[in-house]
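The values are calculated or read from the model by the stated rules, or taken from the named source; none is laboratory data. These figures come from a predicted structure and were not determined experimentally. As a convention, Cβ positions derive from the backbone with ideal geometry for all residues, glycine included, and neighbour counts pool all protein chains shown. All accessible areas refer to the heavy atoms of the entire protein, side chains included, with ligands and DNA or RNA removed. Shrake-Rupley method; radii C 1.70, N 1.55, O 1.52, S 1.80 Å.
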Amino acid sequence: MITPICARVIRATPRTYNVKSIEVAIDSSISFKAGQFLRVRLNNDKNLERYLSISNSPTEEGYLEFTKKITASDFSVALSALKPNDILSIEYPYGAFTLERAGGSKIAFISGGIGITPIRSMCKFAADKKLDLDIILLYANNSVKDIVFLDDLKLMQKEYERLRVVHILCERDMEFSCVVGKINAEIIKKEIADYIDRSFFLCGPPSMVESMKSLLIQELNLPANKIITENFQGY
């Protein structure tokens with residue numbers, strides 16, 4: 001059984017105009033795997049509780065970071081008000097959306113919007129550990145301003161040549177390298193030529209995850225056991 005612990009806020013970091021990361025100090029004796037998630041309770045109020053992905057990597061020691069799109073919900077309002085030294089309650093680790101689930105060294109991530117959070121954790125872990133993996137990430141957003149962890153992803157690609165990130169945007173930006181449109185079978189075949197040899201991790205809005213899973217199985221004939229997804233109530 002996982003026991004709730006009190007955690008102190010270290011810092012709050014805006015990632016985009018409507019996404020914020022919160023870092024909390026932790027006891028390093030409690031380990032987690034890249035891709036797992038935690039339960040967060042604010043103001044000791046069970047109505048202000050969510051399950052959120054851990055967005056930092058186990059290689060980034062001494063803290064946990066969770067990242068959320070800010071909406072008009074009571075939870076988002078309370079989260080936005082957090083400041084250094086505030087105390088909140090967390091429980092972790094949960095989940096099996098981890099690199100160990102891959103059936104080999106070739107991995108494809110497909111993500112949309114804030115669904116990048118566990119994938120950022122896994123990519124950072126692979127980059128820091130220089131894992132012998134071959135990773136391609138297709139990351140879908142409306143526009144450049146919506147890309148979460150843009151600078152992190154750029155730096156990881158520079159430092160870890162086994163990671164390639166392809167941005168898929170609805171809005172064209174002449175100053176930014178991207179594919180314009182929505183992820184479909186043709187884009188996957190073009191950007192991931194060896195897709196049939198890869199394990200696919202899908203994370204994003206539930207409708208997107210289901211759509212991508214159906215596409216991979218029905219249009220690209222990928223075996224269902226090579227597709228890894230995870231749904232939890234706090235998405």
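I'd like the residue in segment 121-136 that is assigned to a loop (DSSP other than H, G, I, E, B) and not acidic (Asp, Glu) and, out of all such residues, is most open to solvent (accessible area, probe 1.4 Å). Break it down into steps so the answer makes sense when it comes.
So the first thing to find is which residues in segment 121-136 are assigned to a loop (DSSP other than H, G, I, E, B), and the list is 130-133.
Those still in the list that are not acidic (Asp, Glu) too: 130-131, 133.
Numbers: 130: 124, 131: 51, 133: 24 Å².
Applying the filter and picking the extreme gives 130.
For segment 137-235, list the strands (runs of 3 or more DSSP E) that sit wholly inside it and hold at least 1 residues that are open to solvent by 60 Å² or more (accessible area, probe 1.4 Å) and touching a strand residue (DSSP E or B) at 6+ places or on another chain (Cβ under 6 Å); which are they? Let's see the steps before the verdict.
Details: elements: 163-169, 199-203, 227-229.
It comes to 163-169.
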Legend entry - Total residues in segment 53-111, condition exposed (fewer than 14 other Cβ atoms within 10 Å of the Cβ), assigned to a helix (DSSP H, G or I) and hydrophobic (A, V, I, L, M, F, W, C): 1
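Would you be able to tell me the number of residues in segment 4-27 that are in a strand (DSSP E or B) and surrounded by fewer than 13 Cβ atoms within 10 Å (Cβ to Cβ)?
Qualifying residue count, segment 4-27: 3.
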Inset, instruction - Examine segment 167-181 for a residue that is modelled with pLDDT of 95 or more and among the basic types (Lys, Arg), and state whether such a residue exists. - result: no
